[in-house]
Amino acid sequence: MNISTASVTVRFGAVAALQDVSLEIPSGERRALIGPNGAGKTTLFDVITGARRPTSGRILLAGADVTPLSTWRRARLGLARTFQRSALFPTLTTAENLALAVRARMQTGWRIWPSRMERTVAMEVSSRLRAAGLAALAQRRAWTLAHGEQRALEIELALASQPRLLLLDEPMAGLSGEERQAAVARLRSLPPHVTLVLVEHDLDVVFAVAQRISVLDHGVLIADGTPAEIRADHRVQEVYLGRAD
Amino acid sequence: MTGLRRARLQRRPLGLLALLLFLISVPAWAPNRFWINVASQALIFAIFAMSLDLLLGYGGMPSFGHAAFFAAGAYACALWALHRSPDLLPLLLVGLAAGAGLALIGALALRARGIFFLMLTLAFAQMVWSVLSNNQLAGTLGGDIGLIGVPRPVLPYVPAVNLFQAANFYFLTLVVAVAVYLALAAIVASPFGRTLEGIRENEGRMQSLGTFTFRYRLAAFVIAGALAGLAGMLSASFNFSATPASAFWTTSGLAMIAVIVGGSRSLLGPAVGAMLVVVLQLGLSSLPTPGLAEHWQLLLGAVFVAFVLFLPGGLHGLVRGRAA
Ligand SMILES: Nc1ncnc2c1ncn2[C@@H]1O[C@H](COP(=O)(O)OP(=O)(O)OP(=O)(O)O)[C@@H](O)[C@H]1O
Ligand SMILES: [Mg+2]
């Protein structure tokens, strides 16, 4: 699913978190979104998903204006995201966390009597637990999981939506090298038609995964190009690459 | 399999059976009618508390106005029994419908969350209370006296079984309480109930996953209101009256205490908590020491504070060995 933003501006009082951002990401592209802390990357995800209304500008999903649509309606169109700070269901088990995501996608959460669909849900949950490397932790409550395990669950919740457009907000932050590899492998398993937007500070991951890169700084889109172009762009080097991590 | 939570019914069948046998046996060993009536009151309050637990425990919606729906059921059934007929089955439906109908109006509070939801539900219930106690409406609603002379219901098929007798009425409340427990247990174990818990845990995430969360919160609010209305119906029959006090904030507060003392997110916990509150209320208000008895609410409050401080999981948490 392709996504575009048309002159999106978001203001928090005097601060402009996004200024006139126009982005175009075609279907199936792997796009990285980079920029220093406070550049507005998370805010851009918030307006794309509908968690926040833009001060001005429009959001188009598959060509249709979704700016007035609520978060859950956009999700039903095939939009999923992960959160920079894990947004799990803390007192429910790992398995229950995933089951909620699967039922939401199948739209069977409304049933009051145990339905036959629950068998399908349970089967999908166990295969996702295995794929995410969480099978041994199925019965643990989410808040008791280690950071890396929570991040794996965070990603798997979004994957369980079977999205057509997936927004990943620093999915690898704080992961060990091994966990990072597992996460990259899990994301590689996505079908090629899925559009992926990745916010990531680790430039090795960015250059390895992304087909194109967009750079935000102080809410302004300062560059947009292939990894080679971004590497060569002197403005990007100034505001981002130049600054040691 | 993944071990998604099984229906709670299957998890502690022995404890449940023991509790049921105990409740069935009450009229056999209760020393007199007075104590059977106390047991009926305890069961009615248990139904009310279980319905609140769907909101408070499972839905994470701290309603401080649940008494409004209890009163709606009580008044609607009092009016129905006084002016239409005392047949039991229609009365049960009227109680459910009155609670659900008022909940549809009270659902305006669902726009708010947390403490604001609590304040809005409280304000709503106090408005209901002021309408019920308004003496200008005394012609229909009885003003601050309420509706009196409400007959006991008449059973279908076996109208000869006299519900004016304490033990017979007790068994009616027991049947309704068991039915409400079974219905709520099925609901909380169903996909709907699991989704409701997901919304309690992280509403924003449920929306990101494509769930129209308002619809679930509204449904839970209406179901809880309907079951509170059912408890109100039994209360009006039991007391032969419906009074404005049934809508007052203290009634909502007692139910909240019952849920928290019993342990929210379990149905039996709040049910047992409610029975405890009824018995404590009776015991404390009939203390022989002068001066203490008038302050039974204060004492009950102290018990409540002790539970919150020392047993955050409530009675249910104590039985399970850890805070729920
Ligand atoms: N709710 C809010 N209220 C006020 N200001 C906010 C709010 N959310 C974000 N901001 C501001 O908007 C700007 C962009 O924040 P945002 O979180 O989008 O940046 P980011 O690129 O995701 O940064 P990071 O890399 O640290 O995650 C920052 O200056 C931030 O302080
Ligand atoms: Mg961010």
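The values are calculated or read from the model by the stated rules, or taken from the named source; none is laboratory data. Please read these numbers as outputs of a predicted model, since none were measured by experiment. Every residue, glycine as well, gets a Cβ built from its backbone with ideal geometry; the counts of neighbours run over all protein chains shown. Areas reflect the complete protein model, heavy atoms only, side chains present, ligands, DNA and RNA absent. Shrake-Rupley method; radii C 1.70, N 1.55, O 1.52, S 1.80 Å.
Roughly how many Å² of B:Y170 are accessible to a 1.4 Å probe, to the nearest 10?
0
Which of B:A100, B:L182, B:L227 sits farthest toward the positive end of the charge dipole of chain B, with +1 on the Cβ of Lys and Arg and -1 on the Cβ of Asp and Glu?
Sorting the options by dipole projection puts first B:L182.
How large is ³J(HN,Hα) for each residue in segment B:34-44, as worked out from phi by the Karplus curve 6.51 cos²θ - 1.76 cosθ + 1.60 (θ = phi - 60°), to whole Hz, x for Gly and Pro?
Each residue's phi maps through the Karplus curve to give 3, 6, 5, 5, 4, 5, 4, 4, 4, 5, 4 Hz.
Put +1 on the Cβ of every Lys and Arg and -1 on every Asp and Glu Cβ in segment A:5-147; which of A:A62, A:T82, A:V121 then has its Cα farthest towards the positive end of the dipole?
A:V121
Could you calculate the FRET efficiency of B:L20 with B:L104 from 1/(1 + (r/R0)^6), where r is the beta carbon distance between them and R0 is 25 Å, rounded to 0.05?
On the way: r = 34 Å, r/R0 = 1.34.
For B:L20 and B:L104, the calculated efficiency is 0.15.
Of the beta bridges DSSP finds with both residues in the protein assembly as shown, what % are antiparallel, to the nearest 5?
If we restrict to bridges inside the protein assembly as shown, about 55 percent are antiparallel.
I'd like to know which of A:T94, A:A138, A:G109 lies farthest towards the positive end of the charge dipole of segment A:89-161, counting +1 on Cβ of Lys and Arg and -1 on Cβ of Asp and Glu.
A:G109
A drop of at least 40 square angstrom in accessible area, chain alone versus all protein chains together, probe 1.4 Å. Which residues of segment B:189-211 meet that?
B:P191, B:F192, B:R194, B:E201, B:N202, B:R205, B:Q207, B:S208, B:L209, B:G210
Show that you can apply the helix-only estimate: for the protein assembly as shown, add -39,500 (n - 2.57) for every DSSP H stretch of four or more residues, divide by all residues, and state [θ] at 222 nm to the nearest 500. Walk me through the numbers before you get to the answer.
Working: 22 runs with 300 residues, N = 569.
Theoretical 222 nm ellipticity from helices: -17000 deg cm²/dmol.
Rounded to the nearest 10 Å², what accessible area does B:I44 show when all protein chains are kept and the probe is 1.4 Å?
Number for this one is 10 Å².
Calculate, for B:T140 and A:A232, the FRET efficiency according to 1/(1 + (r/R0)^6) with r their C-beta to C-beta distance and R0 60 Å; round to the nearest 0.05.
Once the sixth-power term is evaluated, E becomes 0.15.
How much of A:R151 can a 1.4 Å solvent probe reach, expressed as accessible area in Å² and rounded to 10?
Using a 1.4 Å probe on the heavy atoms, I get roughly 10 Å².
When the Karplus curve 6.51 cos²θ - 1.76 cosθ + 1.60 is applied with θ = phi - 60°, which whole-Hz ³J(HN,Hα) does each residue of segment B:17-31 get, with x for Gly and Pro?
4, 4, 4, 5, 4, 4, 5, 5, 7, 3, x, 5, 10, 4, x
Sort B:F171, B:F124, B:F164 by accessible area with a 1.4 Å probe, largest first.
B:F164, B:F171, B:F124
Treat every Asp and Glu Cβ in segment A:89-161 as -1 and every Lys and Arg Cβ as +1, leave all other atoms uncharged, and give the resulting dipole magnitude about the Cα centre to the nearest 20 debye.
Using Cβ point charges on Lys, Arg, Asp and Glu, segment A:89-161 gives about 180 debye.
Hey, if we sort B:I36, B:I148 by accessible area with the 1.4 Å probe, largest down, what's the order?
Largest accessible area first, the list is B:I148, B:I36.
Å³ per residue of the Cα convex hull, for segment A:49-194?
In segment A:49-194, the Cα hull volume divided by residue count equals 132 Å³.
Could you give the size of the charge dipole of the protein assembly as shown about its Cα centre, using +1 on the Cβ of each K and R and -1 on the Cβ of each D and E, expressed in debye and rounded to the nearest 20?
Here the size comes out at about 1100 debye.
Just check segment A:1-65 against the gyration tensor rule for me: Cα atoms, a ≥ b ≥ c as the square roots of the eigenvalues, rounded for a/c under 1.5, and otherwise prolate or oblate depending on whether a/b exceeds b/c.
Working: a/c = 2.21, a/b = 1.39, b/c = 1.59.
Oblate is the answer for segment A:1-65, as a/c is 1.5 or above yet b/c matches or exceeds a/b.
Quick one: grab the alpha carbon gyration tensor of chain B, order the square roots of its eigenvalues as a ≥ b ≥ c, and give me rounded if a/c is under 1.5, else prolate or oblate depending on whether a/b is larger than b/c.
It comes out rounded by the Cα gyration axes.
Stretched out fully, how many nm does the piece from A:T9 to A:A135 gain, at 0.36 nm a residue minus the Cα gap?
Between A:T9 and A:A135, full extension yields an extra 41.1 nm.
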